[in-house]
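Reading through the structure tokens given below for one structure.
The values are calculated or read from the model by the stated rules, or taken from the named source; none is laboratory data. These figures come from a predicted structure and were not determined experimentally. Ideal geometry is used to build each Cβ from the backbone, glycine not excepted, and the neighbour counts take in all protein chains shown.
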Amino acid sequence: MCTTGLVAEAAPGCVVLDARRDTDECGGWALSVEAFDEKNFGAAAYHISLTGIQAFGRAGPLPRSASGCTTLALALPARTQLDACELEGSVGRETIASDVVDLVEPPEPPLRAPSSSYYFPLAGPARFLCTQAAGGMLSHFVHASVYHAVDFRCDVGTTVVAVGAGTVETVETANVDSSIHVSALFKWNRVVVALDDGAIAEYVHVAPNSEVVRVGDRVAEGQPICGSGDVGFCPEPHLHLELHLDRAEAAPSVPFALRRLDGTSAVPRAGEWWAAPPPLTNPPPPTVP
């Protein structure tokens with residue numbers, strides 16, 4: 001006899017289950033009941049894309065891109081529930097997409113780049129706004145591997161230059177997709193240079209087939225390597241730059257300083273404007289060792 005303390009026929013249309021007890025003994029109508037380890041409900045990062053429907057938050061409608069997409073970037077501490085928004089419109093499998101990963105914090109104290117400062121990664125007469133820096137809540141907060149990256153707003157095709165002398169290790173520029181949909185989170189282009197000081201510089205979102213170097217080429221500080229773009233998860237065209245000390249996929253990024261025109265150096269912060277140094281008079285061509 002089930003000891004639910006309830007006569008079932010006295011509650012027509014109601015279905016009960018006490019998951020604290022043996023569910024088979026008490027009806028077992030649920031598809032599954034499983035215990036969970038509390039660590040599986042730790043801090044997490046959510047990117048949720050809503051396409052073709054309007055989302056409303058506490059203060060009213062949430063913004064949408066020109067293509068009609070709203071993407072929520074959410075960081076939740078452990079064992080936390082968030083009611084993010086209400087939706088208006090027809091909701092189906094095509095309208096909602098998500099990417100959910102565990103939050104991985106950077107090591108403390110943070111690792112440090114080998115050099116005290118690096119060359120500014122963009123060339124040209126424009127001033128460049130740092131739009132996202134360490135821990136930025138668009139995407140850098142998600143994982144230690146990108147935590148200390150910096151983004152600079154720049155037009156598509158802006159010349160990207162080496163932040164230091166080194167050897168080109170990776171050239172991947174075949175992707176063309178650009179959006180704020182979560183499907184674009186893993187469709188970036190990149191050029192990777194192993195710097196002579198031991199750091200590994202990764203330039204991301206570069207324009208398709210814009211590279212002017214090949215794998216194995218030697219490059220000098222300030223030498224052009226590719227053109228900036230808006231490929232991948234990009235609300236606007238920008239260059240994403242991150243430095244690592246390890247080639248492992250999940251290796252933590254490291255904070256780094258860039259040199260200013262006045263000779264000082266600083267770690268870029270979101271909201272700061274930066275200017276590129278004068279171009280090199282005779283930049284050396286790439287060389288194959």
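Things to note:
- The set of residues in segment 49-67 that are closer than 15 Å to residue 234 by Cα and surrounded by 10 or more Cβ atoms within 10 Å (Cβ to Cβ) comprises 49, 64, 65, 67.
Okay, residues lined up against (1) within 24 Å of residue 127 (Cβ to Cβ); (2) without any contact (Cβ under 8 Å) to a residue 24 or more places away in the chain; (3) of a type in the set (Asp, Glu); (4) touching a helix residue (DSSP H, G or I) at 6+ places or on another chain (Cβ under 9 Å):
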residue: 196; (1), (2), (3), (4): no, no, yes, no
residue: 199; (1), (2), (3), (4): no, no, no, no
residue: 228; (1), (2), (3), (4): yes, no, no, no
residue: 243; (1), (2), (3), (4): yes, no, no, no
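- When segment 115-128 is filtered for residues that are touching an Asp or Glu at 6+ places or on another chain (Cβ under 9 Å) and modelled with pLDDT of 95 or more, the ones remaining, listed by number, are 115, 118, 119.
- Among the candidates 245, 241, the residue that is in the same structural domain as residue 154 (by TED's automatic domain parsing), crowded, with 19+ Cβ neighbours inside 10 Å and closer than 25 Å to residue 112 by Cβ is uniquely 241.
- A single member of 183, 178, 145 is at pLDDT below 95, under 19 Å from the mean Cα position of the chain (by Cα) and crowded, with 18+ Cβ neighbours inside 10 Å, and it is 178.
- Residue count for segment 156-175, restricted to those that are farther than 27 Å from residue 65 by Cβ, crowded, with 21+ Cβ neighbours inside 10 Å and touching a residue at least 60 places away in the same chain (Cβ under 8 Å): 4
- Of the residues making up segment 190-225, not one is part of a strand (DSSP E or B) and at positive phi.
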